[in-house]
Amino acid sequence: MAKSPGVFIVDQDPDVRFHVQRLVSQAGFTPAGHAGLGTEAVAQASELRPDIVVCGLKEPLERVVQTLESLAHALSAAPIIVYSSSNELSVIRRAMLAGARDFLRAPFGPDDLKRSLTAALESEERRRLREAGGGALGPQGLVITVFGAKGGVGKTTVSTNLAVALARRADQTTVLVDADDTFGDAAAALALTPERSVTDCARELHASDNESMKRFLTLHESGLAVLATPAAPFDWKGIAAERVSLMIQRLARQFDVVLADTASTLSDVSQAVLESASLILWVTTPEYASVRDSLQAMQAIRTLGLPEERIRMVLNVAAPEVEVRPQAIEEALGRPIFWTIPYDRQLRRSSQMGQALVQTQPLSPAAANLTELALTLTGSRPAPHADGLLSRMFTKRNGNGWKHGRLKVNEVQP
């Protein structure tokens, strides 16, 4: 499992260093040593090789600037963030010219620190990707990762139908990446028999040849491109998480939307896909076990420094019986339900038959719902239907009291 990024703290005041260490831990990162200014900081940081450095700006400013310049030289791949109670532009400018990546106004809390650390690391990753790709990244498509902390929540069914809806109804060039490194079955759910797989693509990915990726894709009749998981899970052995991240970035330069399905575990591959996402659709069902596993996984990913503002909870009502009420789910997970997929027995059945319900039965409750989700995610508008049935489906309640489309808690009947 990937470790949490290590943060090295530099400040001439030991009490402040101790306080910042606590903030680093509260922000979900790992304190990776601390030191005062000068040669002490440079020597320790050079030995520990942290992922990122946080440094206090205090008088005499010259000594701090000298330390920053030495750290930037010794740790060229580690972003430096500085903090100070002063907001004088001259002070901030000197720190930036010395090599700092971001500035935090003190005092600051763990949330402020987390945002700054995450942004600095993402900026550094983009720089590395630019260097690996031999040029500018260019326009980036939307990267959506579909994750579920428990098997059987309908994650792959949601992924495949949403991907087809994005390609067919939202008019987005879309690629579905099956990054499930256990037993992915997105290709089977679409009745596809791919000749090449995602692991083939990751192994043979050329740094300067984006066109070479196309030969690994399988085209679905809807226009969706699919990058399938290998038939044997052990084919994932030796695939570095960094390779998966680079592959997704490359695809995002060629498609409007990259939709990645993941395993229900926090493996290195899953973490790489989650970290690459612009948006994470976290699928759970109203079953107690599913909510419990989601809560445990949510607590685990907080240690990874993953920006939680990217997560959107998707409630998939996969059975007519509802075990846990939506209000209880929101309270347990500490976040609102972004989208609710209504119970539709045709949804799972169509997946087992290798069909996308949004294509074969577009006016069924779940298909209409997932199409609306695709249009919402891309900022599009639903196309009008002559009989008006689509709009009626979004407001009609079924026997369980669920309202199709986006769920508001106060709309759920007791």
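The values are calculated or read from the model by the stated rules, or taken from the named source; none is laboratory data. This is a predicted model, so every value here is computed, not measured. All Cβ positions, even for glycine, are placed from backbone atoms using ideal geometry, and neighbour counts span all protein chains on display.
Look at segment 236-257 and say how many of its residues are under 16 Å from L217 (Cβ atoms) and either at pLDDT below 85 or in a loop (DSSP other than H, G, I, E, B) (or both).
Total satisfying the criteria: 4.
In the list A260, A319, A289, which residue meets the criterion of being assigned to a helix (DSSP H, G or I) and either surrounded by fewer than 16 Cβ atoms within 10 Å (Cβ to Cβ) or assigned by TED's automatic domain parsing to the domain that holds K150 (or both)? Working first, answer last.
Working: A260 fails: assigned to a helix (DSSP H, G or I); A319 fails: assigned to a helix (DSSP H, G or I).
Of A260, A319, A289, the one residue that is assigned to a helix (DSSP H, G or I) and either surrounded by fewer than 16 Cβ atoms within 10 Å (Cβ to Cβ) or assigned by TED's automatic domain parsing to the domain that holds K150 (or both) is A289.
Looking at G28, G6, G56, G109, which one is within 30 Å of S270 (Cβ to Cβ) and touching a Phe, Trp or Tyr at 6+ places or on another chain (Cβ under 8 Å)?
Details: G28 fails: touching a Phe, Trp or Tyr at 6+ places or on another chain (Cβ under 8 Å); G56 fails: within 30 Å of S270 (Cβ to Cβ); G109 fails: touching a Phe, Trp or Tyr at 6+ places or on another chain (Cβ under 8 Å).
Step by step, each of G28, G6, G56, G109 is checked, and only G6 is within 30 Å of S270 (Cβ to Cβ) and touching a Phe, Trp or Tyr at 6+ places or on another chain (Cβ under 8 Å).
I want to confirm something. Restricting to segment 171-183 and keeping residues that are surrounded by fewer than 22 Cβ atoms within 10 Å (Cβ to Cβ) and over 11 Å from A263 (Cβ atoms), which single residue is modelled with the highest pLDDT?
If we filter segment 171-183 for residues that are surrounded by fewer than 22 Cβ atoms within 10 Å (Cβ to Cβ), which is where we start, we get 171, 173, 182-183.
Retained after the next criterion (residues that are over 11 Å from A263 (Cβ atoms)): 171, 173.
Values: D171: 80, T173: 88.
Residue satisfying both the conditions and the ranking: T173.
What single numbered condition from (1) in a helix (DSSP H, G or I); (2) farther than 18 Å from M96 by Cβ; (3) not acidic (D, E) fails to hold for V64?
All conditions are met except number (2).
So, in segment 352-401, exactly how many residues are part of a helix (DSSP H, G or I) and at pLDDT below 75? Reasoning before the result, please.
Our first condition is that a residue be part of a helix (DSSP H, G or I); within segment 352-401, this holds for 352, 357-360, 365-378, 389-393.
Filter again for at pLDDT below 75, leaving 389-393.
Going through segment 352-401 one residue at a time, the tally reaches 5.
Residues that are in a loop (DSSP other than H, G, I, E, B) and charged (D, E, K, R): does segment 325-339 have at least one? Let's see the steps before the verdict.
Within segment 325-339, the subset in a loop (DSSP other than H, G, I, E, B) is 325, 334-336.
Add one more test, that the residue is charged (D, E, K, R), and what stays is 325, 335.
Yes, segment 325-339 contains at least one residue that is in a loop (DSSP other than H, G, I, E, B) and charged (D, E, K, R).
If you check E309 against the conditions, is it of a type outside the set (V, I, T), modelled with pLDDT under 85 and part of a helix (DSSP H, G or I)?
Considered against the rule, which asks whether it is of a type outside the set (V, I, T), modelled with pLDDT under 85 and part of a helix (DSSP H, G or I), E309 comes out as yes.
Take the conditions in contact with a helix residue (DSSP H, G or I) (Cβ under 8 Å, 6 or more places away or on another chain) and at pLDDT 90 or above and apply them to L23. Does it pass?
Considered against the rule, which asks whether it is in contact with a helix residue (DSSP H, G or I) (Cβ under 8 Å, 6 or more places away or on another chain) and at pLDDT 90 or above, L23 comes out as yes.
Check whether at least one residue in segment 202-220 is assigned to a helix (DSSP H, G or I), at pLDDT 85 or above and in contact with a helix residue (DSSP H, G or I) (Cβ under 7 Å, 6 or more places away or on another chain), and report yes or no.
Within segment 202-220, one or more residues are assigned to a helix (DSSP H, G or I), at pLDDT 85 or above and in contact with a helix residue (DSSP H, G or I) (Cβ under 7 Å, 6 or more places away or on another chain).
Could you say whether any residue in segment 184-191 is of a type outside the set (D, E, K, R) and surrounded by fewer than 22 Cβ atoms within 10 Å (Cβ to Cβ)? Break it down stepwise before answering.
So the first thing to find is which residues in segment 184-191 are of a type outside the set (D, E, K, R), and the list is 184, 186-191.
Next cut, surrounded by fewer than 22 Cβ atoms within 10 Å (Cβ to Cβ) only: 188, 191.
Scanning segment 184-191, I find at least one residue that is of a type outside the set (D, E, K, R) and surrounded by fewer than 22 Cβ atoms within 10 Å (Cβ to Cβ), so the answer is yes.
Looking only at segment 7-31, which residues are more than 19 Å from V64 (Cα to Cα) and either among the aliphatic types (A, V, I, L, M) or not assigned by TED's automatic domain parsing to the domain that holds A106 (or both)?
L23, V24, A27
For segment 211-239, name all the residues that are of a type in the set (A, V, I, L, M, F, W, C) and either touching a residue at least 12 places away in the same chain (Cβ under 8 Å) or not assigned by TED's automatic domain parsing to the domain that holds A163 (or both). Walk me through it before giving the result.
Step one: of segment 211-239, the residues of a type in the set (A, V, I, L, M, F, W, C) are 213, 216-217, 219, 224-228, 231-232, 234, 236, 239.
Those that are of a type in the set (A, V, I, L, M, F, W, C) and either touching a residue at least 12 places away in the same chain (Cβ under 8 Å) or not assigned by TED's automatic domain parsing to the domain that holds A163 (or both): M213, F216, L217, L224, A225, V226, L227, A228, A231, W236, I239.
Give the residue that is nearest to the chain's Cα centre (by Cα), with candidates limited to residues of segment 102-117 that are surrounded by fewer than 16 Cβ atoms within 10 Å (Cβ to Cβ) and among the charged types (D, E, K, R).
Out of the qualifying residues, it is D111.
Which ones in segment 157-184 are of a type in the set (D, E) and within 18 Å of the chain's Cα centre (by Cα)? Talk me through it step by step, then tell me what you get.
Residues of segment 157-184 that are of a type in the set (D, E), as a first pass: 171, 178, 180-181.
Correct list: D178, D180, D181.
So the check is Cβ under 9 Å with 6+ separation or different chains; which pairs have a first residue in segment 351-362 that's under 15 Å from G154 (Cα atoms) and a second one that's buried (at least 19 other Cβ atoms within 10 Å of the Cβ) and modelled with pLDDT under 80?
Note: pairs meeting the criteria are L357/S351.
Criterion first (small (G, A, S), without any contact (Cβ under 8 Å) to a residue 40 or more places away in the chain and in a helix (DSSP H, G or I)) does S86 satisfy it?
Details: small (G, A, S): yes; without any contact (Cβ under 8 Å) to a residue 40 or more places away in the chain: yes; in a helix (DSSP H, G or I): no.
Against the criterion (small (G, A, S), without any contact (Cβ under 8 Å) to a residue 40 or more places away in the chain and in a helix (DSSP H, G or I)), S86 does not qualify.
Tell me which of these V158 doesn't satisfy, since it passes every other one: (1) assigned by TED's automatic domain parsing to the domain that holds Y288; (2) of a type outside the set (K, R); (3) at pLDDT below 85.
Of the numbered conditions (1) assigned by TED's automatic domain parsing to the domain that holds Y288; (2) of a type outside the set (K, R); (3) at pLDDT below 85, the odd one out for V158 is (3).
Test of understanding: among E372, E331, which residue is assigned by TED's automatic domain parsing to the domain that holds L315, closer than 30 Å to R292 by Cβ and surrounded by fewer than 16 Cβ atoms within 10 Å (Cβ to Cβ)?
Numbers: E372 fails: surrounded by fewer than 16 Cβ atoms within 10 Å (Cβ to Cβ).
Unique residue meeting the criteria: E331.
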